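Notes to accompany the following structure.
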Amino acid sequence: MQLQDQVTITSPNPQFVLNGLQNNQKTMIPIDENLLSKHMLLLGGIGTGKSNLFYHLIRGLRYSMKENDIMIIFDAKGDYFEKFYKEGDIVISNDAHSNVAWNIFEEVMVDERWEENIMEITRFLFAEKSQKTNQIFFPNAARDLLTALMLHLTRSEKYKGHRNNRSLRNYINSFSIKGMKAVLKQHKDLTGMTSYIENPDSGQAMGVVSELQQTIREILIGNFKEKGDFSIRKQLRKGEKKVIFIEFDLGIGKTLSPIYSLLIDLAIKEALCRKEKTGSIYFVLDEFRLLAPLMHMDNGVNFGRSLGAKFLIGAQNIEQVFDVYGEKAALSILSGFSTTIAFRLNDFESRNYIKNRIGQNTKMITYMSKVQTKGIVENVKEGNVVEDWNLLRLNIGEAVVQSLSSDPFIFYFNEFVMKGA
């Protein structure tokens with residue numbers, strides 16, 4: 001394998017093409033179903049051309065989507081919404097652009113596995129707090145109480161009108177230890193949780209209640225505390241051609257990250273629950289670091305291919321992915337991405353990842369010996385197919401492109417033009 005001076009990715013029937021230059025000559029990279037099904041990783045720092053390529057990819061995907069295809073776009077800066085939103089698209093956000101109101105209970109009751117769904121969702125919402133505390137009892141106990149309250153509301157038709165985010169937020173705002181104990185005692189499998197709040201005046205009980213209220217008040221805010229009826233899992237089950245924008249709120253920062261991340265994780269779960277491929281589900285996840293660890297990401301990447309799940313993720317550097325998932329889990333996830341597009345990388349770890357991923361080759365070095373009697377000298381040595389200097393010399397918009405089915409090559413992606421987007 002060696003770094004080639006021509007595009008090595010071929011396809012007789014591409015879904016769309018990426019136009020650009022190689023050696024100052026116009027050329028293109030064909031993007032087909034097979035390549036997309038093996039997932040795509042984009043690496044590149046700020047201003048190197050990563051977002052520009054995402055523009056091309058989103059436009060290509062949008063205009064090649066089939067009748068049952070769905071594209072979910074995680075939009076960190078609002079750029080993708082601004083360029084690609086069309087009437088009929090779904091927008092989930094915490095601002096005026098939102099055209100649906102999400103309902104956590106609609107995700108729970110999408111199938112008959114209510115209890116498992118509730119436990120999975122509450123575990124996700126409290127995951128970060130559980131990991132970042134030395135007193136794990138409090139977030140875990142708060143999670144259990146939220147689980148119990150949601151189970152209580154789903155088990156009786158009497159509470160059908162209360163199965164929404166607004167009611168859940170109101171229950172938590174007006175939380176009463178006496179009332180919660182009465183709820184728990186109505187269900188044999190929940191009675192044991194009364195021990196968390198047995199003594200209302202104890203530091204333990206007050207700590208658990210505080211943890212519960214703080215968490216829910218942080219995430220069920222703005223548009224996410226409305227009554228709502230939208231479920232991303234139900235939307236995927238409709239099998240309709242649809243583009244879904246999930247708009248990250250930079251003003252609030254990572255406060256709402258658990259909600260945005262949960263929505264994407266539920267969509268991945270739904271893709272994995274399909275018994276057969278009924279269309280492609282494209283996950284376009286730029287600024288991947290802003291998402292909390294997705295519980296179904298590893299399985300989605302490694303097993304979702306046959307069910308139509310296709311991932312295109314972007315990160316500024318490889319350390320960002322390691323920070324979110326841990327190095328071992330991150331490498332397991334990244335191993336499922338067959339196509340890597342690396343723009344200029346200024347950090348050592350990212351360059352090292354690309355070099356190791358592409359591998360080494362044997363190089364023949366020929367030079368004239370300073371000793372006249374020796375003449376021409378040939379040495380064989382091992383080196384990286386892509387070296388540091390290859391990555392550091394890349395211009396803005398240039399990237400090393402490598403797919404497992406082909407040798408790597410350097411390609412300049414044309415600047416995105418809005419016309420025809």
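Any read-out appearing in this document is the output of simple, stated calculations on the displayed coordinates, not a laboratory observation. Here the structure is a predicted model, which means the values were calculated and not measured. FYI the Cβ positions are ideal-geometry reconstructions off the backbone, even for glycines, and counts take in every protein chain you see.
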HN-Hα J couplings of the range 72-82 from phi, Karplus 6.51/-1.76/1.60, θ = phi - 60°, integer Hz, Gly and Pro as x?
10, 10, 8, 10, 6, 10, x, 5, 5, 4, 4
Hey, which aspartates and glutamates would be in cross-link range of Lys310, C-alpha to C-alpha under 19 Å, not counting anything within fewer than 8 residues on its own chain?
Asp32, Glu33, Glu67, Asp69, Asp75, Glu240, Asp265, Glu270, Glu276, Asp286, Glu287, Asp298
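Would you list Asp265, Asp95, Asp89 from fewest to most Cβ contacts within 10 Å?
On the way: Asp265 23, Asp95 12, Asp89 16.
Lowest count first: Asp95, Asp89, Asp265.
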Placing one equal point scatterer on each C-alpha of the chain and summing with Debye, one gets log10 I(q)/I(0) at q = 0.07, 0.08 Å⁻¹ equal to -0.41, -0.51
In debye, nearest 20, what is the charge dipole magnitude of the chain about its Cα centre with +1 on Lys and Arg Cβ and -1 on Asp and Glu Cβ, if you could check?
380 debye
Enumerate the amide H contacts of Leu18 below 5 Å, restricted to partners 5 or more residues apart or on another chain; note that Pro and chain-start residues carry no placed amide H.
Ile29, Ile31
Taking only pairs that are 8 or more places apart or on different chains, how many Lys pairs in the range 104-225 have Cα atoms under 29 angstrom apart?
21
Nearest 10, in degrees from 0 to 90: the angle of helix 257-273 to the longest Cα principal axis of the chain is 80 degrees
Dividing the alpha-carbon radius of gyration of the range 104-225 by 2.2 N^0.38 Å, where N counts its residues, gives 1.00
In terms of the charge dipole of the chain, which places +1 on Lys and Arg and -1 on Asp and Glu at the beta carbon, the residue among Ala271, Gly359, Ile246 farthest towards the positive end is Ala271
Check: C-alpha center the range 195-258 vs C-alpha center the range 23-77, spacing in Å is 31 Å
List every residue whose amide H lies under 5 Å from the amide H of Gly314, counting only residues 5 or more places away in sequence or on a different chain, with H placed 1.01 Å from N in the peptide plane.
Leu42, Leu285, Asp286, Glu287, Phe288
For the range 4-12, what does the Karplus curve 6.51 cos²θ - 1.76 cosθ + 1.60, with θ = phi - 60°, yield as ³J(HN,Hα) per residue in whole Hz, taken in order and with x for Gly and Pro?
8, 9, 8, 5, 9, 8, 10, 7, x
Please list, in order along the range 327-338, the HN-Hα scalar couplings obtained from phi with the Karplus expression 6.51 cos²θ - 1.76 cosθ + 1.60 (θ = phi - 60°), rounded to whole Hz, x for Gly and Pro.
4, 5, 5, 5, 5, 5, 5, 5, 5, x, 9, 7
Longest principal axis of the chain (C-alpha) makes with the long axis of helix 137-155 (C-alpha) an angle, in degrees to the nearest 10, of 70 degrees
Given an 8 Å cut-off on Cα distances and at least 6 residues of separation, report the relative contact order of the chain as a percent.
28 percent
With Cα coordinates, the longest principal axis of the chain makes an angle with the long axis of helix 50-64, in degrees rounded to 10, of 80 degrees
